[in-house]
Structure formats: C-alpha cells, structure tokens
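Worksheet for the structure shown next.
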Amino acid sequence: MKKRLFAVLAAVALISGCASTTPAEEEDEASAAAQQAAEQSEAFVQNAKDRVFFGFDKSNLSADAVRVLKVQAEYLKANPTKKIVIEGHTDDRGTREYNLALGERRAVAVKNYLISRGVDADRIRVISYGKERPAVVGANEAAWSQNRRAVTLVKD
Amino acid sequence: MIKKIFLVTLLFSLFLTGFAKAELSIDITGARSEPMAVGLPEFSVSGQMAKEDAQETAQKIVQVIESDLTSSGLFKILDSLAYLQSFKGIEDAPAFVDWQAISAEALIQGHVDYLSKKQIRISVRLWDVYAAQELYSATMEVDEKGWRRAAHMIADAVYKRITGEDGYFDTRIVYIAETGPALNRIKRLAIMDQDGENHQFLTDGLNLVLTPRFSPNMQQITYMSYYKDTPRVYLFDIESGRQQVVGDFPGMTFAPRFSPDGHKLIMSMADNGKTDIFEMNLDTRVIRQLTRSSAIDTSPSYSPDGKQIVFNSDRSGAQQLYVMDANGKNVKRISFGNGRYATPVWSPRGDYIAFTKMAGGRFYIGVMFPDGRGERLIAEGYLVEAPTWSPNGRILMYFRQDPPNRDGIPGATKIYAVDITGYNERRLITPVDASDPAWSPLLSNR
C-alpha cells in the first residue's frame, strides 16, 4: 500500500545498487548514496530502530525510546532531503476515539523529540491510526506492548 | 445510488378505542416479565391480485411483524398450528374463547387488499383477548414494494399500544463492515434496517472509515475517513452518495456527531498532542472551539435538548465523563467509579447517559443518570464498545469483539442489542464482521 517502511526503501536501494555496474559516473554516485542510505535505514529496521514503544495509556518517551530516536535524528540530519511520516498507534485496550487521540499524542512526542535534536519540523508529518493498525495480533501484554508504538517512515 | 427508502406513500390512520380498566399492557421499565402471548394468524386477502400471490405478500408482512415483536423479548407469538380460528376478512369478529383456549392474551388480526396490482391497503386490529375488546386498529395504503416498512410500522403501533412507548422497528442502522486481515482491516460504511434486511455497502473499502452517525433527518451520515492519508470528518449524503470533508482543520478531526436539530456538528480535533472539542455550524460553516486543555477531550454527545454536551476527558489523569453547557462553560465531572469511562451517549429521552467502561482488563457497556448517579453495567466482554440508543431510549446497540485465538486469528466482531434492563441480549446478523453501529431515528416520526 502507501506505506514505505525503511525496509522497502532499503530493498529498492539495494536493487539499484546491484544494477550499478554501468560505467556512468553519475549513476555510480547516485547508487553509492543510495547504498549508504540503504545501509543506514537497513540498520534502523534490523535494530528495530524505526519504532519506539510506550507504556499503557502513556505517551512519554522511555530511555530506550530516546536511544532509538537519537539514531533516527542522526540519520535525518545526515540525509537532509528525506521527509518522514510518524505513525502513532495504540493497543486495543482502549476505545476507538480516545485511541486516535492517544496515537496522535505518541506521534507528536516523537516529532517533538526529533525537532529538539535539530530535525526541521517541516520534514515531519504525523498521523494517528489509533488501534486500527496493530503490528501483531494477540490478547496479551506481549502483543499489546508491541502495538503501543510510534513508527517512523521515510518518504522520498 | 442508495435505494430510496421513502418510496412508501402512506395513509396512516388510527382509531384508538376506549381504555379498559385492567389494560393489557407491559411495563418495560421494571423487572423482567414473561413475554405477552400473542395470536398472529394469517392475514386474509382480497382484490386485484391472484390469491396465492396476495397470500404470499400477506405472509411476508406477518413474518416481519412476528420477527419484530419477538426480537423485543416482550412478546411471544403463539404457534399457528394451535389456532382454532382463521379470519376471512377484517370485519370477521374474533371468537375470543378460541383464543383464550390457547392462552393468547393479545390477538393481531389483519387483511391485505390489492387495490391494484401495485397498491395495497393493509388493515390491522389489535384485540385484548380476555377483555374481548379492540385496543387499536389502523389502515394504511402503500405501494406493494413498501410492504416491509408497513409491517415494521404495524409492529411499532402494536408495541406502542401495549407498552405506552414509541416503537423502534421502522429504523435503520449505519455501521462499519469489517473484512480482511487483523493487521490491515478493510472497513466500509454500510447501512441496513434494524433487523438486518436491506443491507447495503456505502463505500468501497479503499479508505479506512470509522464511527458513522446519522443526521436527525436521516439525509446524511457523518463519519471519519482516511481519504488521502488525511484523517478527517466527512459528510455522506445518503441520497446522492456524495462525500464531502467537513471544514479546513489543521489537525486530525474525528468523533463527529450531529446536534439534535441537525444544524451543527461536534467533533474532536487532535493537533500537536492536544485534543479539544469543536463545534461547526453546518449552515454558516463557522467553527467554535468548546474545550481548551492539554488533555484528550473527545467523544462528545449532545443532550436531546441541545443545551448540554457530555464527553470524555483524561484531564484528571485517566478517562472520565464530563458534562458541560453547549457553549463549553460549566464543565462538571460526572463519573467517579473505578476504571476508565469513555464514549458517552445521551439517551434520546434525556434520562440516561450510556458509556463504555474499562476496568480490570474487561470492557463494559453501562448507563448512568446525567448527574452521574445510578451507574448500572449491562454488557461485558474482552472488548465491548460504542453504545448507540434506540430512538425510544429503551435499547442499546454496541459491538463486541472477541479476543484473537492462540494462532493469531482475530476474534469475531459483531453488533449486539440489549435492553437497558440488561435483559434480552441478541446479535444482529450482518454479512461480514460489524462495528461502530449507529441507530437512526424512527423513520415514520420524522
């Protein structure tokens, strides 16, 4: 669908990297940049650095979350043309309308932190899905804690 | 687009007969009583239509009346095999002893007269079997295609004559039809009669849509859509199918509801981590902010006189219910029980506020008085949410989502109805999973 995760970006970048055996200098440069971006964004996904998690009914950033967001901020400063969308999500242990607001709060918490680390606010869009788009299915704390998240997606 | 639901031309005349002393009646406010035993024999037929075809129409009408009355839990229709009398016409007098013999308390007698191939006249009489007295009679002329609505109106009339309350059978439900995988549900607006008939999908599922609600005149639905990845409140025109975004808000708008007069919408807007309640005048398009706090203020619902708004807010730390004047003044917290309170909806009668409550890992549907006293929980589950009132304020519909199983298969999501006494919980049959129901006003009262 519309979602371009870091993972997808990485895959696309790797493909273009593989195809970069042409002699044209520009293409080499472009693929090198893509390769670099791919490595960085791949690192995001592999280390689960594209998302941060929240406590039940909470939107404050944990120490773990801050560590993840620092990496995101560095990536964004190193790639100043990239824009991002931050998706806010909740578990299903709340009502639909309240959870839409809670998801927005979580996305904004991430946005504000990235801004505080020097990322330009104009590059960041937030969207809340409330409890509409869980990451995992389950009726237990393990599943719920995976779903209480904000996910940073890189847009071209 | 949508099939016109108002193609029924009605001549609805009723003649209330005198009140007997020991009235045949059901008190639906109090404790549970045995369903009233009703005789509902085949309607007799006459007129410009082959007898078998006319009888088929008459049988369909009787079936809808039976289904409506039975679903209310207040009536039981006696087995027609036991009936000792069959009627030849509407003037045929009931043999009361025959009906007393099978313990019928009430008797519904009816006749279908084909005035032409397309126009029918339906006559009904409601009898008190033990008092041997007519309680109600009515005649209506409708297009033959309008037989189903006519049957609902007859059931409404019987319900009203016996309970003293308006019925709710001639109503519709708008809701969200759910399909697809648990991680990426496809959600569509859908509409149906209150008994699940005349089902229709209104949107194609390309955009996530949530929380539809009827306008008081039934011409529009307000809902939330993720069209172009921009979650906003929309209006859907039922007649034309046209969809239109409401206002030009900088942040996500959601949780919309109409004012009782239909001229205003209230909704929430989330922006920069704060969610407040806004009102929009649909005639002038002027927007007014009603709450200003750093909290989440959402799920607003007007009182039936339009003078107050109930909503939920986490300004105290966790979700609780608050009532304020329609201009945003005089905010007062009304819920103080254990747990979190959400999705308050004011009864059309004004006497109760229904809500979703979360406590101890479970969800509940409950009601309380508008001042917060008298809390009563009437449904419970892993996830029950989003109560909506029948127009007579006696029944709540809500949705119930079962927990996923161990293999990660999502649980079923279905719409249920329950009397506010807590009795007679029943499931609505829908073609696919269903959530976010909203009950229409009584169509024939508009």
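Which pairs in the list A:K49/B:K187; A:K49/A:K155; B:K187/B:K228; B:K160/B:K414 are over 23 Å apart, alpha-carbon to alpha-carbon?
Pairs exceeding the cut-off: A:K49/B:K187; B:K160/B:K414.
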Task: Dipole axis of chain B (+1 Lys, Arg; -1 Asp, Glu on Cβ), positive-most option in B:G164, B:V124, B:L81 - done: B:G164
Open item on the list: What is the distance in Å between the Cα centroid of the stretch B:374-446 and that of the stretch B:300-370?
Closed with: 18 Å
Open item on the list: If I take R0 = 35 Å and measure r between the Cβ atoms of B:Q63 and B:R333 in this structure, what FRET efficiency does the formula 1/(1 + (r/R0)^6) give, to the nearest 0.05?
Closed with: 0.10
TODO: Please compute the net charge surrounding A:K77, taking Lys and Arg as +1 and Asp and Glu as -1 over other residues with Cβ under 13 Å from its Cβ.
DONE: +2
Open item on the list: Applying a 10 Å radius around every beta-carbon, put B:330-338, B:128-136 in order of their mean neighbour count, most first.
Closed with: B:128-136, B:330-338
TODO: Can you find, among A:L100, A:V151, A:Q72, the residue farthest towards the positive end of the dipole of the stretch A:48-155? Put +1 on the C-beta of Lys and Arg, -1 on that of Asp and Glu.
DONE: A:Q72
- [ ] Please report, in Å, the Rg and the Dmax of the stretch B:13-163, where both are computed over Cα atoms only.
- [x] 14.9, 48
Task: chain B: calculated mean residue ellipticity at 222 nm from DSSP helix runs of at least 4, using -39500 (n - 2.57) - done: -3000 deg cm²/dmol
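When you look at the Cβ of every residue in A:103-111, what mean number of other chain Cβ atoms sits within 10 Å?
Partner-chain Cβ atoms within 10 Å, mean over residues of A:103-111: 4.
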TODO: Tally the DSSP beta bridges in the protein assembly as shown and give the antiparallel ones as a percent, rounded to 5.
DONE: 90 percent
Open item on the list: Given axes a ≥ b ≥ c from the Cα gyration tensor, I'd like to know whether the stretch B:154-239 is rounded (a/c under 1.5), prolate (a/b larger than b/c) or oblate.
Closed with: prolate
- [ ] Give me the aspartates and glutamates in straight-line cross-link reach of B:K329: C-alpha distance below 19 Å, same-chain residues under 8 apart excluded.
- [x] B:D276, B:E279, B:D297, B:D305, B:D314, B:D371
TODO: Write down the percent of antiparallel bridges among all DSSP beta bridges whose residues are both part of the stretch A:48-155, to the nearest 5.
DONE: 60 percent
Open item on the list: Within the stretch A:82-109, list the residues whose amide N lies under 20 Å from a label point set 7 Å along Cα→Cβ of A:V136.
Closed with: A:87-94
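Between beta-carbons, use under 12 Å as the cut-off and find the net charge around B:R285, counting Lys and Arg +1, Asp and Glu -1. Display every interim value, and only then the final one.
Working: positive: B:K264, B:R288; negative: B:D248, B:E279, B:D283.
Computed value for this residue: -1.
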- [ ] Run the dipole for chain B about the Cα centre, Lys and Arg Cβ at +1, Asp and Glu Cβ at -1, nothing else charged, and hand back the magnitude in debye, nearest 20.
- [x] 1440 debye
Task: Cα centre as origin, Lys/Arg/Asp/Glu Cβ charges: the protein assembly as shown dipole, Debye - done: 1780 debye
- [ ] Could you pull the Cα extents of chain B along its three principal axes, largest to smallest, in whole Å?
- [x] 72, 51, 44
Task: Between the stretch B:38-109 and the stretch B:220-278, the Cα center-to-center distance that results, in Å - done: 47 Å
- [ ] Could you calculate the FRET efficiency of B:V97 with B:Q133 from 1/(1 + (r/R0)^6), where r is the beta carbon distance between them and R0 is 25 Å, rounded to 0.05?
- [x] 0.95
Open item on the list: Is there a quick way to get the dipole size of the stretch B:87-126? I mean about its Cα centre, with the Cβ of Lys and Arg at +1 and of Asp and Glu at -1; what is the value in debye to the nearest 20?
Closed with: 340 debye
- [ ] Please give the average number of partner chain Cβ atoms lying within 10 Å of the Cβ of each residue in A:85-97, rounded to a whole number.
- [x] 6
TODO: Diagonalise the Cα gyration tensor of the protein assembly as shown and give the resulting equivalent ellipsoid semi-axes, square root of 5 times each eigenvalue, largest first, whole Å.
DONE: 55, 26, 21
TODO: Can you check what the net charge comes to around A:V137, using other residues whose Cβ is under 15 Å from the Cβ of A:V137 (Lys, Arg +1; Asp, Glu -1)?
DONE: -1
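For peptide B:359-368, what's the mean number of Cβ atoms from other chains within 10 Å of each residue's Cβ?
1
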Open item on the list: Once you order the gyration tensor axes a ≥ b ≥ c over the Cα atoms, which shape class does the stretch B:327-446 get: rounded for a/c under 1.5, otherwise prolate or oblate by comparing a/b with b/c?
Closed with: oblate
Task: Rg followed by Dmax, in Å, when the stretch A:48-155 is reduced to its Cα trace - done: 13.2, 40
- [ ] Enumerate the residues in the stretch B:417-446 having an amide nitrogen under 18 Å from the point lying 7 Å beyond the Cα of B:Q219 toward its Cβ.
- [x] B:440-446
Open item on the list: Cross-link candidates for A:K77: which aspartates and glutamates have Cα within less than 12 Å, leaving aside residues fewer than 8 places away along the same chain?
Closed with: A:D120
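Read the figures in this text as sums done on the coordinates, not as results from a lab. Quick caveat, the model's predicted, so the values are computed rather than measured. Quick reminder, even Gly has a Cβ in these numbers, built from the backbone with ideal geometry, and neighbours come from all protein chains shown.
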